[in-house]
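The values are calculated or read from the model by the stated rules, or taken from the named source; none is laboratory data. This one's a predicted model, so the numbers in the text were calculated from it and none came from an experiment. Note that we place each Cβ from the backbone using ideal geometry, even for glycine, and neighbour counts take in every protein chain shown.
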Amino acid sequence: MDRPKKLQLHVVLPYKFEPGEHPRIRRYLDLGWRIQALQRLTDRDAIVTLVQAPAPAAAEAPTA
């Protein structure tokens, strides 16, 4: 089983802004990544951890 790929971005994310509003993060979300964690460093800086789930396995053929 493949482990999901992880990526951490250090972004300027003003307080009260959602991570999905940031253009760099939005690009990854549009590509199928999802936010696993958000850690605020200051009122403006944040580290966002994104994960990309492994591709779904091909459907198994029924056995007779």
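Per-residue answers, yes or no, for (1) surrounded by 10 or more Cβ atoms within 10 Å (Cβ to Cβ); (2) among the polar types (S, T, N, Q); (3) over 10 Å from the mean Cα position of the chain (by Cα):
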| residue | (1), (2), (3) |
| --- | --- |
| E18 | yes, no, yes |
| R24 | yes, no, yes |
| A37 | yes, no, no |
| T42 | no, yes, yes |
| A46 | yes, no, yes |
| V51 | yes, no, no |
- Message: Every residue in the range 1-33 that is in a strand (DSSP E or B) and touching a helix residue (DSSP H, G or I) at 6+ places or on another chain (Cβ under 9 Å), please.
- Response: L7, L9, V11
- Residue list for the range 34-64, filter: at pLDDT 90 or above, in a loop (DSSP other than H, G, I, E, B) and hydroxyl-bearing (S, T, Y): T42
